[in-house]
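What follows is a short report on a single structure.
The values are calculated or read from the model by the stated rules, or taken from the named source; none is laboratory data. All of these numbers come straight from a predicted model, not from anything done at the bench. As a convention, Cβ positions derive from the backbone with ideal geometry for all residues, glycine included, and neighbour counts pool all protein chains shown.
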Amino acid sequence: MMHNVPKVSLGLISVSRGCFPIALSERRRAAVAKEYGEGIYECPVTVENEADASQAVADVVGKGIDALVVFLGNFGPETPETMIAARFDGPIMYVAAAEGDGDLYDGRGDAFCGMLNCSYNLGLRNLKAFIPEYPVGTAAEVAAMIRDFVPVARAVIGLKNLKIITFGPRPSDFLACNAPIKPLFDLGVEIEENSELDLLAAYNRHADDRRIGDLVEEMDREIGTDNRYRGVLPRLAQYELTLLDWIEEHKGSRTYVAMANKCWPAFQTEFGFVPCYVNSRLTARGIPVACEVDIYGALSEYIGICVSDFPVTLLDINNTVPAQTYRDKIERQYGVPATDTFMGFHCGNTACGLLKNPHMGYQLIMKRDLEPELAEPDITRGTMEGDLKAGEITLYRLQSTAEGALKAYVAQGSVLDVPTESFGSIGVFSIAEMGRFYRHVLIGKRYPHHAAVAFKPVGKYLFDVFSYLGIEDISYNRPKSLPYPDENPFASR
């Protein structure tokens, strides 16, 4: 379990329409709870009327439940069952019972029909609810649906209790990370924006922190004592303690924190290192630290941590795979078109556990400008570099337009087991129809170059989270049989 993410407390309420046997709904509820196993609270109140709805919500709230499943064990009472959603302040899911556990006289519940009226009434009341793709099932099937609801609920709860702390402003001529903040408040996210000078002052106050020595030893164990840039570790430890203390002192009423911090160009000259390794360490603990004051990158990373319960990273959708590398290492071994591949890169912000050969390095691009005369780097040390481990991934982002409208994309693929022969935190990616996705979503819808990467195939959970949040524009990598609206039907492919 990652730190800095909610631990969901699930509740299960059954509902029953008065002209159907209440025992049918209660028996089916018990069967669902048994199939689910530990970790779900079975509310003893079966809701038939408005008073029951109030009593049931009071019961689950009193038990500390923060995510709720409303189960139509039979047709269900339209008004009371939707009043539950109005009165429960947390993510809520509606599911219904399939037939087959009894006869079709006294044992028929008609919940298949009842879900239609339930959905209609939720709409009348402008209420949000999570409804699975096929929301009717046996006890075992409903239990599986609830398990799929948990990552969604975890993200929704997390966002309602999240503060994003930033140290900026963005680097000059970096409009790609433009971040209108009103949509954050619409999502329930709090934000605290600070100056890079505030960060430097806080860092200087930690110069003699007694914890630095122990943290350097911890970093040594993680990287290995053969680290050729070990001399920069005390500075990095001082910086990590600065961020952690700032989080504790500034998260205020919020429970969870993400960060989006400036990391160039003045950072190197004033702090004397690059912060990438520290960013990678915090993200590994569930506290994403997005590069270049990318507020929506931090938001996206946090959502990915919640749904995957695993570290994520933020990478540039960076460069094409060289033709020779594609011919020698990809074409025959993987059988994917060259346009399905690209290289994802960032300076060195990815957690050690996600890299095949993690090692500390220096920021080559910055060294060219800041230390061109030095054979060995000084102020550009501090990256965590290596090729990404091969495996399934999900590429995604939640973003605000300049006008304040939220949009998102999700695409699943993989990191290929192909040496990059390059620097930074980097990997060779393959995503089906990436070329078309790149043109008609990433370029066509004007997304920035930063993408969040989850190291699990969690596209369905991310899509459900974005839908639950009310994001209407959710893009994905469409197959050739489904053209994009702006795709030229006459263009050769």
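Within the set of pairs 6+ apart or on separate chains, which have a first residue in the stretch 214-237 that is more than 16 Å from Arg381 (Cα to Cα), a second that is of a type in the set (A, V, I, L, M, F, W, C), and C-beta atoms under 8 Å apart?
Filtered contacts from the stretch 214-237: Leu215/Ala237; Leu215/Leu241; Glu222/Cys352.
Hey, any hits in the stretch 117-124 for a residue that's of a type outside the set (A, V, I, L, M), without any contact (Cβ under 8 Å) to a residue 24 or more places away in the chain, surrounded by fewer than 16 Cβ atoms within 10 Å (Cβ to Cβ) and part of a loop (DSSP other than H, G, I, E, B)?
No, the stretch 117-124 has no match at all.
Among what's in the stretch 439-450 and is in a helix (DSSP H, G or I) and surrounded by 18 or more Cβ atoms within 10 Å (Cβ to Cβ), pick the residue that is farthest from the chain's Cα centre (by Cα).
Initially, the stretch 439-450 is screened for residues in a helix (DSSP H, G or I), giving 439-443.
Add one more test, that the residue is surrounded by 18 or more Cβ atoms within 10 Å (Cβ to Cβ), and what stays is 440-442.
Values: His440: 23, Val441: 19, Leu442: 18 Å.
That would be His440.
Taking the stretch 307-324 as the region of interest, how many residues are outside any strand (DSSP E or B) and either among the charged types (D, E, K, R) or buried (at least 19 other Cβ atoms within 10 Å of the Cβ) (or both)? Can you show your working first?
Going residue by residue through the stretch 307-324, those that are outside any strand (DSSP E or B) are 307-311, 320-324.
From the residues that got through so far, the ones that are either among the charged types (D, E, K, R) or buried (at least 19 other Cβ atoms within 10 Å of the Cβ) (or both) too are 307-309, 311, 321.
Matching residues across the stretch 307-324 total 5.
Yes or no, residue by residue, for (1) buried (at least 16 other Cβ atoms within 10 Å of the Cβ); (2) more than 26 Å from the chain's Cα centre (by Cα); (3) within 21 Å of Asn349 (Cα to Cα); (4) at pLDDT 95 or above:
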| site | (1), (2), (3), (4) |
| --- | --- |
| Cys177 | yes, no, yes, no |
| Leu187 | yes, no, no, yes |
| Arg205 | no, yes, no, yes |
| Arg211 | no, yes, no, yes |
| Glu217 | no, yes, yes, yes |
| Arg228 | no, yes, yes, no |
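Let's see how each residue does on (1) part of a helix (DSSP H, G or I); (2) outside the structural domain of Leu184 (by TED's automatic domain parsing); (3) of a type in the set (A, V, I, L, M); (4) buried (at least 22 other Cβ atoms within 10 Å of the Cβ):
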| residue | (1), (2), (3), (4) |
| --- | --- |
| Gly413 | no, no, no, yes |
| Phe437 | yes, no, no, yes |
| Ala452 | no, no, yes, yes |
| Lys456 | no, no, no, no |
| Ser467 | yes, no, no, no |
| Pro485 | no, yes, no, no |
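Just to be sure before I move on: is Glu385 out of contact with any Phe, Trp or Tyr (no Cβ under 7 Å at 6 or more places or on another chain), assigned by TED's automatic domain parsing to the domain that holds Ile305 and farther than 16 Å from Gly304 by Cα in the structure I sent?
Here the answer is no, as Glu385 does not meet what is asked.
Report, by residue number, each residue of the stretch 128-140 that is surrounded by 15 or more Cβ atoms within 10 Å (Cβ to Cβ) and either touching a helix residue (DSSP H, G or I) at 6+ places or on another chain (Cβ under 7 Å) or under 24 Å from Phe466 (Cβ atoms) (or both). Before you say what the answer is, go through the steps one by one.
Here is the first cut: in the stretch 128-140, the ones surrounded by 15 or more Cβ atoms within 10 Å (Cβ to Cβ) are 129-132, 135-139.
Residues satisfying the conditions are Ala129, Phe130, Ile131, Pro132, Pro135, Val136, Gly137, Ala139.
With respect to Leu374, determine if the residue is out of contact with any Leu (no Cβ under 7 Å at 6 or more places or on another chain) and surrounded by 24 or more Cβ atoms within 10 Å (Cβ to Cβ). Lay out the reasoning, then the answer.
On the way: out of contact with any Leu (no Cβ under 7 Å at 6 or more places or on another chain): yes; surrounded by 24 or more Cβ atoms within 10 Å (Cβ to Cβ): no.
No: the conditions fail for Leu374.
Being under 17 Å from the mean Cα position of the chain (by Cα) and in contact (Cβ under 8 Å) with a residue 24 or more places away in the chain narrows it down to one residue among Tyr362, Tyr334, Tyr302; which is it?
On the way: Tyr362 fails: under 17 Å from the mean Cα position of the chain (by Cα); Tyr334 fails: under 17 Å from the mean Cα position of the chain (by Cα).
Step by step, each of Tyr362, Tyr334, Tyr302 is checked, and only Tyr302 is under 17 Å from the mean Cα position of the chain (by Cα) and in contact (Cβ under 8 Å) with a residue 24 or more places away in the chain.
Can you confirm whether Lys445 is assigned by TED's automatic domain parsing to the domain that holds Pro311, over 22 Å from Ile157 (Cα atoms) and not small (Gly, Ala, Ser)?
Yes.
Going by what's in this entry, would Gly391 be described as at positive phi, touching a strand residue (DSSP E or B) at 6+ places or on another chain (Cβ under 9 Å) and crowded, with 16+ Cβ neighbours inside 10 Å?
Numbers: at positive phi: yes; touching a strand residue (DSSP E or B) at 6+ places or on another chain (Cβ under 9 Å): yes; crowded, with 16+ Cβ neighbours inside 10 Å: no.
Taking the combined requirement at face value, the residue does not satisfy it.
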